[in-house]
Amino acid sequence: MRDRRCARAAILLLGSFAGRLSAQEPVPWRDPSPHSAQFVTVEDNVKLEVLDWGGSGRPIVLLAGFGNTAHVYDDFALKLLDCCRLYGITRRHRSA
């Protein structure tokens, strides 16, 4: 009998906790990396995202692969700003 009461109490507690989680608004993602971002139109209905981290020196373009965006380089790019001007491009995937 005692086990059933404990099980019911646990279910009620978990149910109230889950209800609170589902009622919360999702927090929008905010990009903390210090870069500018713009979209460049390269064809009709085709835009590429270009990130510019700044920096000084020879320009380098970072291309992401495996379905990643240029944001995959956000931390890495900051380490190269003393020697290079860094850009990142998110490539468009062609649909079949």
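What follows is calculated from the coordinates using simple rules that are stated; it is not laboratory data. In this text, all values refer to a predicted model and were calculated from it rather than measured experimentally. Please note: Cβ atoms are built from the backbone with ideal geometry, for glycine as well, and neighbour counts cover all protein chains shown.
Below are the figures for this structure:
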| item | result |
| --- | --- |
| Neighbour-count order for Leu81, Leu86, Leu63, fewest beta carbons within 10 angstrom listed first | Leu63, Leu81, Leu86 |
| Assigned charges on the beta-carbon of Lys, Arg, Asp, Glu; the range 36-90 dipole about Cα centre (debye) | 200 debye |
| Fully extended contour minus Cα-Cα distance, from Ser36 to Asp52, at 0.36 nm per residue | 5.2 nm |
| Length gained when the stretch Leu63-Leu78 is fully extended (0.36 nm per residue, less Cα-Cα span) | 3.8 nm |
| 5 Å binning of all Cα-Cα separations within the range 36-90, expressed as whole percents from 0 upward | 5, 21, 27, 24, 14, 6, 2, 0 |
